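Report on the structure given below.
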Amino acid sequence: MTPSIMSPASDALYVWLVIIALAACTVITRAGFLLLGDNVPLPEGVRRALRYAPAAALVAVIVPDLLPWSAGAGPVFDWRAVSALVAIAVMMVTRNTIAMIAAGMAALWLLRWLLG
């Protein structure tokens, strides 16, 4: 590692300035929608696209857990994917969240018990 050109005091100042700048950027971008509200209307295309944001975020969180990737080989099969399909089927038939969770967990436990 090469030694810093700046003195330790200016290093600390630099770190604090970066922290403050990043915090300001975070507050501005997150509070912008709250402060501007309806004063800046979003185009209809953006509004339509934003309706899919929660579903896209949920898929981005769940799919990597259902199909874990191994380096260089692609997705690895896991019984969680099959139990998720069972849970989806139960949800489509019953429209009951508790039944979906129970069926998915029961399917996962049963598949792991029967097939290892």
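Among residues of the stretch 96-116 that are outside the structural domain of Leu85 (by TED's automatic domain parsing) and farther than 12 Å from Val82 by Cβ, none has a Cβ under 7 angstrom from a residue that is of a type in the set (D, E, K, R) and modelled with pLDDT of 95 or more at a sequence gap of 6+ or on a separate chain. For the stretch 33-59, filtering for residues that are open to solvent by 70 Å² or more (accessible area, probe 1.4 Å) and under 14 Å from the mean Cα position of the chain (by Cα) leaves 4. Applying a threshold of 6 Å to beta carbon distances and a minimum spacing of six or more residues, or different chains, the list of pairs starting in the stretch 51-66 at a residue that is in the same structural domain as Leu108 (by TED's automatic domain parsing) and ending at one that is basic (Lys, Arg) reads Leu66/Arg80. Residues that are of a type in the set (S, T, N, Q), open to solvent by less than 60 Å² (accessible area, probe 1.4 Å) and in a helix (DSSP H, G or I) within the stretch 60-116 comprise just one, Ser83.
The values are calculated or read from the model by the stated rules, or taken from the named source; none is laboratory data. Please read these numbers as outputs of a predicted model, since none were measured by experiment. Methodologically, a virtual Cβ is constructed for each residue, glycine included, from the backbone with ideal geometry; neighbour enumeration extends over all protein chains shown. Each accessible area value is taken on the protein alone, full model and side chains, heavy atoms only, with ligands, DNA and RNA left out. Shrake-Rupley method; radii C 1.70, N 1.55, O 1.52, S 1.80 Å.
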